[in-house]
Amino acid sequence: MTDHEIGTDREFFRIDDELRLRWEKIDPDAVRSQTDREQELKDLNLDLHNLISTAYGDSAVVGEALGLLNRKIELLTDSDDGPQLNLGAVPVNLSGSGLAFASNEPLHPDEHIEITMLMLPANTVVRIQAQVIRTAAYPDSDWTYWVRAKYGPQQEIVTEQIVQHVNLRQMQILAARHDKGV
């Protein structure tokens, strides 16, 4: 997929990956009501994920350990993020400006979706809103559709987490190629 196809200029590296992912259609104009406790938990979780991502940049072992510890706490407290283990493995092409992902359900241009992704090995859970750009046939028999979407505005913190994941995966891919002598 070229960057022109998703409607952006090349601003970020892109990687092919497989992530634990789910999506749901949303109304971008709807206001979601949450209790104060739910909002505080989400805010704390976001702050913690940002710190874990920073720690991961300094030390992969510390970042991964903190991510696993946070995941364990989420599971033990049965927070809203608890169902993340039920996210399905989905092929994606990911960048800091948008993504394409495999789906068995078609989406239409201009539909708005909220995507939840678990990015390993940092164990970072991100939720980001996106607008569908295009849906095409998936080239493999495991999936039906290949959905392209661009991230909505004002999600810089989440976008930065995605960029960090892309950079990490790119380094892992290059290291693996180097180890194989490619």
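The values are calculated or read from the model by the stated rules, or taken from the named source; none is laboratory data. Note that the structure is predicted; figures quoted are calculated from it, not measured. All Cβ positions, even for glycine, are placed from backbone atoms using ideal geometry, and neighbour counts span all protein chains on display.
Okay, here's what the table says:
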| read-out | value |
| --- | --- |
| Selection status of Q161, under 15 Å from S95 (Cα atoms) and in a helix (DSSP H, G or I) | yes |
| Residue within segment 140-149 that is surrounded by fewer than 19 Cβ atoms within 10 Å (Cβ to Cβ) and hydrophobic (A, V, I, L, M, F, W, C) present | yes |
| Tally, over segment 13-37, of residues that are surrounded by fewer than 13 Cβ atoms within 10 Å (Cβ to Cβ) and either modelled with pLDDT under 70 or among the aliphatic types (A, V, I, L, M) (or both) | 8 |
| Residues of segment 99-119 satisfying the condition of being closer than 22 Å to F13 by Cβ and in contact with an Asp or Glu (Cβ under 9 Å, 6 or more places away or on another chain) | A100, A102, I115, M119 |
| Failed item, numbered, when D140 is tested on (1) at positive phi; (2) more than 21 Å from the chain's Cα centre (by Cα) | (1) |
| Boolean, A175 is in a helix (DSSP H, G or I) and more than 17 Å from L19 (Cβ to Cβ) | yes |
| Pairs where the first residue, in segment 4-33, is of a type in the set (A, V, I, L, M) and the second is modelled with pLDDT of 90 or more and in a helix (DSSP H, G or I), C-beta under 8 Å, 6+ apart | I15/V166 |
| Residue count for segment 133-158, restricted to those that are in contact with a strand residue (DSSP E or B) (Cβ under 7 Å, 6 or more places away or on another chain) and assigned to a helix (DSSP H, G or I) | 1 |
| Qualifying residue in segment 41-58 (condition: at pLDDT below 70 and surrounded by fewer than 16 Cβ atoms within 10 Å (Cβ to Cβ)) | yes |
| Answer residue from segment 160-182, given it is of a type in the set (V, I, T) and out of contact with any strand residue (DSSP E or B) (no Cβ under 6 Å at 6 or more places or on another chain) and is surrounded by the most Cβ atoms within 10 Å (Cβ to Cβ) among those | I162 |
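Residues are listed down the side, and each one gets a yes or a no for (1) over 15 Å from V166 (Cβ atoms); (2) in contact with a strand residue (DSSP E or B) (Cβ under 6 Å, 6 or more places away or on another chain); (3) surrounded by fewer than 20 Cβ atoms within 10 Å (Cβ to Cβ); (4) of a type in the set (G, A, S):
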| site | (1), (2), (3), (4) |
| --- | --- |
| G88 | yes, no, yes, yes |
| N93 | no, yes, yes, no |
| G98 | no, yes, no, yes |
| N104 | yes, no, yes, no |
| H108 | yes, no, yes, no |
| E114 | yes, yes, yes, no |
| M117 | no, yes, no, no |
| N123 | yes, no, no, no |
| R127 | yes, yes, yes, no |
